[in-house]
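Laboratory data are not the source of any read-out in this text; all were calculated from the coordinates shown. Just so it is clear, the structure is predicted and the values come from calculations on it, not from any experiment. Here the Cβ is made from the backbone with ideal geometry for all residues, glycine too, and neighbour counts use every protein chain on show.
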Amino acid sequence: MAVIDELRLLLARASGLARRGVASLRTRGWRHTLERARLQFAPRARPASRPLLQADDRPFEPFAVPRADAPVASIVIPVHGQWPRTLACLRAIAAHPPACPVEVVVVDDASPDDTASLLARIEGLVTVLREANGGFIAACNDGAAKARGDYLVFLNNDTVPQPGWLDALLDTFRTHPDTGLAGAQLLYPDGRLQEAGGLVFRDGSAWNYGRFESPDDPRFAYLRATDYVSAAAAAIPRALFAQVGGFDARYAPAYYEDTDLAFAVRAAGRVVRYQPASRVLHDEGSTAGSDPGSGVKAWQARNREVFAAHRARALAALPEPGIRPSPATLHRHQRQVLVIDGSSPRPDHDSASLRLVNLMRLLQAEGAHVVFLPADLAHAGRHTTALQALGIEAWYAPFARSLPRWLRAHGPRFDVVMVSRHYVLRELLPLLRRTAPRARIVFDSVDLHFLRERRTAELAGDGVLARAAEATRTRELEMVRGSDATVVVSPEEAALLAREAPGAWVEVLSNVHEVAGPGRPFELREDVVFVGGFRHPPNVDAVRWFCAEAWPRIRARLPQARFHCIGAEPPDDIARLDGRDGIRVHGHVPDLVPYMDGCRVAVAPLRAGAGVKGKINLSMAHGQPVVATPLAAEGMHLRDGHDVLLADRAEAFADAVVRLYRDRALWQALSSNGLDSVGRHFSADAARPALRRLFFGDAAG
């Protein structure tokens with residue numbers, strides 16, 4: 001069956017690529033089609049290798065560590081002898097200081113060597129000298145009492161924190177404000193994973209999740225809640241640490257104090273999170289040893305019993321020891337949702353990607369655990385990393401060797417599987433029915449492809465494209481009927497499917513945007529802007545038509561205005577327009593905010609396409625009024641003259657742009673009404689009811 005599944009997928013993918021290749025040749029031309037084919041068949045990208053900063057063991061010379069007058073974080077390092085390790089840890093901090101203001105507090109717990117005298121020679125260090133050795137808990141609590149930062153960051157002296165570790169750790173509190181305790185990814189000096197958060201079982205025993213595995217394995221590479229994090233590298237708000245009473249002295253001198261702290265943080269209503277973007281090398285056992293029958297390590301067994309008695313009520317809800325830890329078991333109390341698209345979303349490149357990421361974020365906000373699987377299995381660099389930073393379990397090769405193998409291994413855990421685009425679902429639907437038998441299959445159309453292709457064919461007067469559009473219609477409707485539910489982006493497309501596929505469960509889940517606000521006022525804005533990637537043929541046609549037919553008319557009346565054309569991969573004829581008649585062709589722009597807040601008018605001159613236009617939503621969310629064709633505004637709840645200006649002929653389109661550019665009162669009215677429209681129709685609140693029905697509710701009817 002495994003070989004058959006692989007062959008079926010290969011054949012389905014080859015036939016789909018051939019069909020789409022023909023359409024691409026007629027709409028994009030041979031150069032862009034060849035480039036798309038090259039990308040399709042390129043070797044799968046793998047996570048970029050991340051070199052590790054190792055311990056600096058050079059002989060001691062005086063140096064300085066960062067010290068701020070008003071530190072955001074206090075790095076508290078307890079030490080008892082082991083001077084070479086303390087030195088290497090401090091050198092790593094000094095060589096790659098955090099971006100945020102910090103102080104470094106070293107607590108010398110009555111070291112038997114010359115640690116105290118050597119610490120005095122390091123500039124900027126805050127040193128706490130204990131007269132008698134009290135152990136890890138006493139030293140950390142004394143350091144916390146001396147610290148001035150908003151956050152306490154506990155760090156073992158047998159660690160080598162990697163560049164950027166602290167800023168990533170503290171960023172957890174910014175991106176997830178309910179975080180009470182955040183722990184780093186701990187690595188062995190040879191690069192293997194030591195701990196990706198800790199798991200606790202009903203009897204009080206604990207396990208380092210991911211031990212000896214690859215730190216790049218998707219199971220261990222995403223931000224998530226966890227039972228506990230090691231105090232070898234962990235951050236907590238100083239006020240919360242005081243509120244819960246610090247490290248509990250009942251566990252003195254050491255062991256289980258960090259596990260108990262995590263339980264105290266949860267009891268206070270906060271979340272404990274593992275942050276894989278914060279990486280710290282930890283020479284485990286160098287300070288306490290590794291023999292559980294002797295030395296400080298002997299306290300581990302004793303304190304497990306103390307912990308089990310103290311936290312008995314909370315432990316009763318945890319699994320029995322022996323359960324195999326996996327994402328399926330870690331998220332056993334959540335709705336588990338698998339999202340599949342052809343490739344990883346790039347939300348700074350296209351509106352479909354932005355919509356998908358925002359839908360996944362909304363699913364998380366509703367309590368679901370989201371897993372993303374790209375059909376190409378490629379690691380998409382920073383775009384994959386961004387998903388992991390959101391807490392999305394993002395998979396890729398070589399850890400996902402093939403779609404059939406991965407689905408056989410993981411499919412049974414999912415409650416819902418959403419697949420974007422009909423040609424991706426067509427490859428996978430039979431496989432999903434077998435491997436994810438209890439999952440609801442949701443087909444996300446993104447937009448109705450056959451409708452877009454039909455309009456492109458009509459605009460071009462191309463009979464071959466018209467026949468291809470009808471073939472797409474047949475395949476797309478087959479997926480509507482074969483799935484359990486279908487998602488479209490506009491009421492118009494929902495009405496079309498009601499006629500074409502009566503009885504199908506269809507929901508509208510449109511673009512999801514955050515309302516950014518009005519941006520700069522009318523007087524401080526200038527120029528005209530278009531945003532849209534040129535891998536999408538309707539955008540190519542729109543810019544060609546606008547630059548040839550509408551812009552010369554606008555430029556004649558607004559000679560100082562410029563037209564900013566923004567979008568990845570512009571074809572050669574559009575790229576050559578850069579610098580002519582006030583036209584600027586920028587290509588891909590990572591940060592659109594300066595153009596959304598600074599340009600006076602946005603244009604959406606689309607003459608073909610389907611779905612809801614993210615470019616219009618994006619502009620209106622920034623208070624930037626839009627001139628659009630009626631087709632571009634389709635399904636967007638917009639009224640001509642109220643929140644948008646509509647025109648389809650070149651002369652009328654140019655008149656609308658000039659009028660809006662000059663009329664402050666009209667501009668202000670459209671700006672205000674556009675912001676209101678995005679909030680009512682394209683916000684998270686607008687999407688939530690349909691999302692709850694699809695992913696959390698019972699089947700329609």
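Values computed for the structure shown
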item: Mean separation of Cα contacts under 8 Å, 6 or more apart, over the residue count of the chain: relative contact order %; result: 10
item: Neighbour-limited loop hits for GluC sites (Glu not before Pro), segment 166-258 (at most 15 other Cβ within 10 Å; DSSP other than H, G, I, E, B); result: E213
item: On Cα atoms only, tilt of 449-460 relative to the major axis of the chain in degrees; result: 40
item: Cβ-based net charge around L193, under 15 Å, with every Lys or Arg adding one and every Asp or Glu removing one; result: -1
item: DSSP-loop trypsin sites (Lys or Arg not before Pro) across segment 102-191, with at most 16 other Cβ within 10 angstrom; result: R121, R148
item: Mean separation of Cα contacts under 8 Å, 6 or more apart, over the residue count of segment 73-325: relative contact order %; result: 22
item: The chain, helix-only ellipticity at 222 nm - DSSP H runs n ≥ 4, -39,500 (n - 2.57), divided by all residues, nearest 500; result: -12000 deg cm²/dmol
item: For segment 572-685, average projected area of the Cα convex hull in nm²; result: 7.8
item: Within the chain, longest stretch free of exposed chymotrypsin sites (Phe, Trp or Tyr not before Pro) [DSSP loop, at most 13 other beta carbons within 10 Å]; result: 213-701
item: Centre separation in Å (Cα based) which lies between segment 401-424 and segment 486-542; result: 27
item: Charge context of V160, other residues only, Cβ under 13 angstrom, K/R +1, D/E -1; result: -3
item: Angle in degrees between helix 165-175 and the longest Cα principal axis of the chain, rounded to the nearest 10; result: 60
item: Folded to 0 to 90 degrees: helix 650-662 orientation relative to the chain principal axis, Cα; result: 50
item: Low-density loop positions, trypsin sites (Lys or Arg not before Pro), segment 390-441 - DSSP coil, at most 10 other Cβ in 10 Å; result: R438
item: Packing rank of 628-636, 333-341, 469-477, where each peptide gets the mean count of other beta carbons within 10 Å, highest leading; result: 628-636, 333-341, 469-477
item: Hull volume in cubic angstrom per residue (convex hull over the Cα atoms of the chain); result: 179
